[in-house]
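The values are calculated or read from the model by the stated rules, or taken from the named source; none is laboratory data. The model shown is predicted, which means the values in this text are computed figures rather than measured ones. Cβ: placed from backbone, ideal geometry, glycine included. Neighbour counts: every protein chain shown.
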């Protein structure tokens, strides 16, 4: 039998992890923490899912550890009633006030001791599973992979039988959308109802007195957009309707990205990709590029073209006869400037790339992707 111990907050990440482990055949022990958080309702949500799983034949031992007294001395918007939980995008500077100092180290230490106790009693290896992921790295330094590598090494040095305990971080390089897609697969494999599972979760840091999510904290925004990305309506209760919270989340995301692009792109790159401008012919860095390599979106790094697809059309802009199989470039009718053209945009970040014309090489289908150099990065092959 495979054994796992995990932190179950009651949010969507840890809940997804729980059903992921069950789908992989693990016997799972869950530990939830009351650390005086304003959204303590998440622990009640965790209990509801444990009961739902039991009703469906999955027995999960669930322990609740009260750390509210000890962690009440910490300074954080999540635990201090005098500090307002900020609203806005998850990666904005004000979200750092939601960090609870050393929280994940404290939780991991307790879970590690629990895992060692299982090793001692049951004489078997145990994994410590945590739902941390890459989307948290910018704000929460204790969600970075190097933090857990260092922590695991320290625990090994300080404990007997540590060779039988290891960290398992299946989402560490993923994001909320990938986590939900994994949860869909796990629910299907276990014959569980996806909406029931996620109705029994909460991600908001400032739910109202009825336990409804505000839809406006950084964690809310991230969750709402993930449900949008997988084509589902979030089954939890929000203070406003789904249409309202989704529209707000999209607006917040667009504003955040626009500010990011303004800070990280040149004026030309920004005007081309975000304002659909066109660079002057024969001026771009890549129009006469002949080296072997690949072309990626300047905004998000998505792979668009390779050098094998490039040809010299004489038009003064980089020309490609086809796109990479994984590019999925969006084509949109463009009727500006008194012309009917087909605009092409990055499928990942909606960056304007250029246009498609029907005067390309016949042997490759007859299309010509006329692309602005300012919309791309070129990476030479070694």
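Values for this structure:
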read-out: All positions within the stretch 155-180 that are surrounded by 15 or more Cβ atoms within 10 Å (Cβ to Cβ) and assigned to a helix (DSSP H, G or I); value: 155, 162, 164, 176, 177, 178, 179, 180
read-out: Residue count, the stretch 216-239 (criterion: surrounded by fewer than 15 Cβ atoms within 10 Å (Cβ to Cβ) and in contact with a strand residue (DSSP E or B) (Cβ under 6 Å, 6 or more places away or on another chain)); value: 0
read-out: Helices (runs of 4 or more DSSP H) wholly inside the stretch 1-88 that include at least 1 residues being free of Cβ contacts under 8 Å to residues at least 40 places away in the same chain and in the same structural domain as residue 176 (by TED's automatic domain parsing); value: 41-55, 68-71
read-out: Residues located in the stretch 30-61, provided they are farther than 15 Å from residue 197 by Cβ, touching a helix residue (DSSP H, G or I) at 6+ places or on another chain (Cβ under 8 Å) and crowded, with 17+ Cβ neighbours inside 10 Å; value: 31, 32, 33, 35, 36
read-out: Of residues in the stretch 347-360 being within 12 Å of residue 276 (Cα to Cα) and not in a strand (DSSP E or B), the one modelled with the lowest pLDDT; value: 350
read-out: Some residue of the stretch 108-129 being outside any helix (DSSP H, G or I), more than 22 Å from residue 33 (Cβ to Cβ), without any contact (Cβ under 8 Å) to a residue 60 or more places away in the chain and touching a helix residue (DSSP H, G or I) at 6+ places or on another chain (Cβ under 7 Å); value: no
read-out: Close pairs (6 angstrom Cβ cut-off, 6 or more residues apart or separate chains): in contact (Cβ under 8 Å) with a residue 40 or more places away in the chain in the stretch 240-255, outside any helix (DSSP H, G or I) anywhere; value: 252/89
read-out: Qualifying residue in the stretch 274-281 (condition: farther than 22 Å from residue 323 by Cα, out of contact with any strand residue (DSSP E or B) (no Cβ under 7 Å at 6 or more places or on another chain) and not in a helix (DSSP H, G or I)); value: yes
read-out: Flag if residue 327 is more than 29 Å from residue 215 (Cβ to Cβ) and either loosely packed, with under 14 Cβ neighbours inside 10 Å or touching a helix residue (DSSP H, G or I) at 6+ places or on another chain (Cβ under 6 Å) (or both); value: no
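Residue-wise test of (1) over 22 Å from residue 382 (Cβ atoms); (2) in contact with a strand residue (DSSP E or B) (Cβ under 9 Å, 6 or more places away or on another chain).
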{"position": "299", "(1), (2)": "yes, no"}
{"position": "303", "(1), (2)": "no, yes"}
{"position": "315", "(1), (2)": "yes, yes"}
{"position": "330", "(1), (2)": "yes, yes"}
{"position": "334", "(1), (2)": "yes, yes"}
{"position": "339", "(1), (2)": "yes, no"}
{"position": "343", "(1), (2)": "yes, yes"}
{"position": "348", "(1), (2)": "yes, yes"}
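Conditions tested, residue by residue: (1) at pLDDT below 95; (2) in contact with a strand residue (DSSP E or B) (Cβ under 6 Å, 6 or more places away or on another chain); (3) loosely packed, with under 15 Cβ neighbours inside 10 Å.
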site: 241; (1), (2), (3): no, no, yes
site: 249; (1), (2), (3): no, no, no
site: 256; (1), (2), (3): yes, no, no
site: 265; (1), (2), (3): no, no, no
site: 296; (1), (2), (3): no, yes, no
